[in-house]
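A.B. asks: Below is one structure. I have some questions about it.
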Amino acid sequence: MALFGAVFLALLAGAHAELSACKIRVTSKALELVKREGLRFLEQELETITIPDLRGREGHFYYNISEVKVTELQLTPSELHFQPEQELVLQISNASLGLRFRRQLLYWFFYDGGYINASAEGVSIRTALQLSGDATGRIKVSNVSCQASVSRMHTAFGGTFKKVYEFLSTFITSGMRFLLNQQICPVLYHAGMVLLNSLLDTVPVRSSVDELVGIDYSLLKDPVASDSNLDMEFRGAFFPLAEGNWSLLNRAVEPQLQEEERMVYVAFSEFFFDSAMESYFRAGALQLSLVGDKVPHDLDMLLRATYFGSIVLLSPAVIDSPLKLELRVLAPPRCTIKPSGTTVSVTASVTIALVPPDLPEVQLSSMIMDARLSAKMALRGKALRTQLDLRRFRIYSNQSALESLALIPLQAPLKTMLQIGVMPMLNERMWRGVQIPLPEGMNFVREVVTNHVGFLTIGADLHFAKGLREVIEKNRPANTRDPLASSAPPPSTTAA
């Protein structure tokens, strides 16, 4: 009985789980590009290491090592890979660091000082980033684990007390190696928990698309890593800005990602586009009114000829009034995605009327328009763009079949008016696109769109339009310049 109850609760929870309308997969193909940019950023961060002064005494010798600076880094022997439960792991082996520091030695009344170069070799670093979603649905680096070790150090002592320094080098280099070990992981922890999170803060979560509609890219669950990719599921739902709490129930087919040949894949379900069209419908944007000179001249003449019998029965003050043509979408358009292509179905009312000055308008006719548009999706930079083309069009009367026959002559000119006057305006707005959840400075290139049943996928490669350093410096939180000023990992996470 308990087992039956547990199964029932699990099924109930699954039935109420929100479906994702936008999924992103980052494959191992992207890691080489990310590693190159990441290592460049990491080298710049490690150059900020500040090592405390090293003071000591050996017999009658007193020494002080200060002003230690990292002058050179070689991190090329490295590997970046996905790992289940750890998400992203960076392994650096046999790296080297160049150091420069000031030496001071006192022996009885004799003093020696100056600057000297040193090198740290056999540097090994292993750091893992764990990703999760926070309470707002934003992807974050939630944990950074780190192990770092320096196997050996070399110093080139000179000057009056060269022999003495060589005698003390074991004590000095051992102390410096210990201090260096203690400084690497705090820098990496700060880079992950603070700096990389400032980069992830540039990923849109809930933002406006234009003055009418917004988009919600909240992360529905924590990212999932396998040996070859990282998968993320986003809500992917539009909403009218005037109704911020409004949401549309997602009953569409959930998009699936199977491919791994490109650096990144993005999948969108029919719900993604349906929620956009419903949001614009609720915002009152899916209507168009043409009055007077806005109505094409040829169409104006045809409409007046078609309804001549009705017009001549009107008073003289109304006969020569400007003509009004109004299109109003009656229900939210719906998107259908098939392997053969993507279509959008629209049903609208078409009202033809005369608009005499300072008098109520006089309706001549009201009809229903059914249109089917083909939609082509494209990914440019980080914007998803859509181009629409009118494929099928018909008008009919909702009053009588006889009136529908009378509307046949209007079919071709109205379709031409839509193609010439309405579709360009619509496509200009659609071509602005909507940003997909990608950090600032990263763009998609060489994209390929593939249609499936109920969803489409876009495979692309990544391109860094800006360096990580540039984006992070722009978005760096205040008072985080010093890595040691932020929350640092406990000493046990740093391997000596």
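A.B. asks: Looking at 43, 32, 67, 121, which is the one that is acidic (Asp, Glu), in a strand (DSSP E or B) and on the phi < 0 side of the Ramachandran plot?
C.D. replies: After ruling out the rest, the residue left standing is 121.
A.B. asks: Restricting to region 283-339, and then to whatever is modelled with pLDDT of 90 or more and assigned to a strand (DSSP E or B), can you tell me which residue is surrounded by the fewest Cβ atoms within 10 Å (Cβ to Cβ)?
C.D. replies: 338
A.B. asks: From the residues in region 236-272 that are in a loop (DSSP other than H, G, I, E, B) and crowded, with 24+ Cβ neighbours inside 10 Å, which one is farthest from the chain's Cα centre (by Cα)? Break it down stepwise before answering.
C.D. replies: Taking region 236-272 and keeping what is in a loop (DSSP other than H, G, I, E, B), we get 236, 244-263.
Adding the requirement that they be crowded, with 24+ Cβ neighbours inside 10 Å leaves 236, 255.
Details: 236: 11, 255: 18 Å.
Looking at the filtered set, the residue picked out is 255.
Per-residue answers, yes or no, for (1) within 37 Å of the chain's Cα centre (by Cα); (2) of a type outside the set (Val, Ile, Thr); (3) modelled with pLDDT of 85 or more:
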position	(1), (2), (3)
91	yes, yes, yes
135	yes, yes, yes
143	yes, yes, yes
154	no, yes, no
161	no, yes, no
169	no, yes, no
172	no, no, no
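A.B. asks: If you take the residues of region 350-367 that are open to solvent by 20 Å² or more (accessible area, probe 1.4 Å) and part of a strand (DSSP E or B), which of them is farthest from residue 327 (Cα to Cα)? Quick ask: steps written out before the conclusion?
C.D. replies: Let us first name the residues in region 350-367 that are open to solvent by 20 Å² or more (accessible area, probe 1.4 Å), namely 351, 355, 357-364, 366.
Still in the list and also part of a strand (DSSP E or B): 351, 362-364, 366.
Numbers: 351: 7, 362: 16, 363: 14, 364: 14, 366: 10 Å.
Checking each candidate, the answer is 362.
A.B. asks: Follow-up question, since we're still on this one. For residues that are part of a strand (DSSP E or B) and not hydrophobic (A, V, I, L, M, F, W, C), scanning just region 188-235, find the one that is surrounded by the most Cβ atoms within 10 Å (Cβ to Cβ).
C.D. replies: 233
The values are calculated or read from the model by the stated rules, or taken from the named source; none is laboratory data. Since this is a predicted model, take the numbers as computed values, not measurements. For neighbour counting, all protein chains shown are included, and Cβ atoms are generated from backbone atoms with ideal geometry for every residue, glycine included. When the accessible area is computed, the model is the full protein with side chains, heavy atoms only, and any ligands, DNA or RNA have been set aside. Shrake-Rupley method; radii C 1.70, N 1.55, O 1.52, S 1.80 Å.
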